[in-house]
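So the structure is just underneath, and the comments pick up after that.
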There are 2 protein chains.
Amino acid sequence: MGTFQEATALTARGDGEFDALLDAQWSVGTRLHGGYLLAVLGRAACESAAGAGHPHVTAVSASFVEPPEPGAALAQVETLRVGRSLAQVRAALVQEGRTRVEAHITLSRLDGSDPWWTAAEPAPMAPEEACFQAPVDAPGAGMPVPLMAVIENRLDPENLGFAFGTPAGRGVLTSWQRLADGSDWDPLSLLVALDPVPPVSLELGVPGWVPTIQLTGYVRRLPAPGPIRVRLTATDVGGDRMDEVAHVWDDKGRLVAQATQLAALRLPAPQ
Amino acid sequence: MGTFQEATALTARGDGEFDALLDAQWSVGTRLHGGYLLAVLGRAACESAAGAGHPHVTAVSASFVEPPEPGAALAQVETLRVGRSLAQVRAALVQEGRTRVEAHITLSRLDGSDPWWTAAEPAPMAPEEACFQAPVDAPGAGMPVPLMAVIENRLDPENLGFAFGTPAGRGVLTSWQRLADGSDWDPLSLLVALDPVPPVSLELGVPGWVPTIQLTGYVRRLPAPGPIRVRLTATDVGGDRMDEVAHVWDDKGRLVAQATQLAALRLPAPQ
């Protein structure tokens, strides 16, 4: 089982093009995980802009066009602007000549300083040792989640009713997360955490696949070593669409990343 | 003074290209308003995909690369995918051969139905008639805001301390908004409302210009006729970056749009 670094490794072709090898381990069911795909594109953006003084992904917004397959893929990066405090690029993940994911990525230099002002106190959740680690094969999940072998995802029992057929319906899931390879979180791996599994729809009693249409994530500062706390909420569900909002705090309790996504879901017919 | 429809009108060149005339009325200081620029791109996306059965902008994510000038501009739309329930395009606003704003836009068909589930009850705010309409030339604003002549923006007195030099520092601004031309809100004009003016930084006691780096908005349903309620909040401020989160409710109290943006701001030096 490869590390995060290995699973997102690239080989430069030149002219902003990179060969990637998409690793099926970073999947939910048979689909590659969206946050993992953004990490691959984020690494391509960083390598493409190397030397410009903007080493970290600070914003990524992506349209998920067509699910890529595990295996070889091409990451293409086009620079839109390199400025004093940031660089903006477009990055596409291509297979068989078709764009599967396309993103705009903003690069900048992050530090680990505390916020000047914040409204984002860490979500209350049970201590890590009192949480339940999500398995690859969860009873009732309907599909294996290989991602759970590379992300240690310890779910707060407070919001775990869905796993026992009694979802609370509050639209909140909270968890502690670590990389199973033992490495510390960084701006690229945080992109994986910004697309949390399971989707919050399960907690609303809606089973099934919830494909991401659009996801935007911001990395706000370099995380302290140690586990992260992740809170996933929904704001509004209707018209076969759901939004999911993710907040991620580091071990010092500081907001390190946030995301919003629009996803498709098949709601149950009215009874 | 033109209507919203006129200010965002396009002339098709063919091949996904449209001529736009950017209207200085839709400005903050001397800069064209970001939400207005997204509305122009959104209209180009809709016209480009006309006939595909996806008439409404449901998601837009944009990188603001370089401020465009009022006057002629070219909107270029490239289709990424047209599917059964949505279409995904890339749209760029170009002047002098340089991309000024580039966005990914998802089109779909919205309706006016109620949510299946929501956590987004309308923000509490004073009745519209008890709110203060923001003028074009506000004392202490440091710049005229021509946008305030085309958007009637009635600010809740609860959060208006900043206008009198006593910001509450809660990171919240709430307002009622109407289009001054008397037309009802639609998915395109809601993009203007998703980039609220003034920025919430004023309410945190931080003066000055707050340029948007990245903005992502979702339109969730067709709004009912009448005014909208807008709540703008900040989550975390630090490292010369601020996020702003906007929620918009229609006159029936339903969430109709939401957005998140990352903006640059110059924080005061520590004292």
Report summary line: Within 10 Å of the Cβ of an average residue in A:60-71, the count of other chain Cβ atoms is 3
**Report entry** At 7 Å out from Cα toward Cβ: B:Glu66 inter-copy label distances (nm, ascending)
**Finding:** 3.3
Report summary line: Neighbours of A:Ile151 by Cβ distance under 12 Å: Lys/Arg at +1, Asp/Glu at -1, summed charge -1
Query raised in the report: Which ³J(HN,Hα) values, rounded to whole Hz and listed in residue order, are derived for the stretch B:126-138 from phi using the Karplus coefficients 6.51, -1.76 and 1.60 in 6.51 cos²θ - 1.76 cosθ + 1.60 with θ = phi - 60°, glycine and proline given as x?
Result: 4, x, 3, 6, 9, 9, 9, 6, 5, x, 4, 10, 8
Report task. Take the Cα coordinates of the stretch B:145-202, assign each an equal point scatterer, and use the Debye formula without solvent to give log10 I(q)/I(0) at q = 0.16, 0.21 Å⁻¹. Result -> -0.53, -0.84
Query raised in the report: For the stretch B:4-264, what is the relative contact order in percent, using Cα pairs closer than 8 Å and at least 6 residues apart in sequence?
Result: 18
Report summary line: note: the protein assembly as shown, Cα-Cα separations exceeding 40 Å make up a percent value of 18
Report summary line: Counting only residues 5 or more apart in sequence or on a different chain, those whose built amide H sits under 5 Å from that of A:Leu222 are A:Asp111, A:Gly112, A:Ser113
Requested in this report: With label points built 7 Å along Cα→Cβ from the Cα atoms of A:Arg109 and B:Arg13, find their separation and express it in nm.
Outcome: 3.9
Report summary line: With the convex hull built on the alpha-carbon atoms of the stretch B:4-264, volume per residue in Å³ sits at 124
Requested in this report: May I ask for the longest run of chain A untouched by trypsin sites (Lys or Arg not before Pro) that are loop-located per DSSP and have at most 16 neighbouring C-beta atoms (other than their own) within 10 Å?
Outcome: A:1-83
Report task. From other protein chains only, count the Cβ atoms within 10 Å of every residue's Cβ in B:245-256, then give the mean. Result -> 1
Query raised in the report: Distance from the Cα centre of the stretch A:122-136 to that of the stretch A:29-73, in angstrom?
Result: 27
Query raised in the report: Counting pairs of alpha carbon atoms under 8 Å apart in space and at least six apart in sequence, what relative contact order in percent does the stretch A:230-271 give?
Result: 34
Query - Candidates B:Leu147, B:Leu179, B:Leu21, ranked by Gaussian network fluctuation over chain B, Cα under 10 Å, top entry - result: B:Leu21
Query - the stretch A:68-187: relative contact order as a whole-number percent, Cα under 8 Å and 6+ apart - result: 15
Query raised in the report: Between B:Arg84 and B:Thr3, what is the spin-label point distance in nm, taking each point 7 Å from the Cα along the Cα→C-beta axis?
Result: 3.7
Query raised in the report: For label points placed 7 Å from Cα toward Cβ, what is the shortest-first list of nm distances from B:Gly51 to its copies?
Result: 4.8
Query - With Cα atoms, 0 to 90° folded angle of helix B:34-48 axis to chain B main axis - result: 20
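All of the numbers you see were taken from the coordinates with simple rules; none came from a lab. For clarity, every value in this text was computed on a predicted model and none was experimentally measured. So basically every Cβ, Gly included, is an ideal-geometry build from the backbone, and we count neighbours across all protein chains shown.
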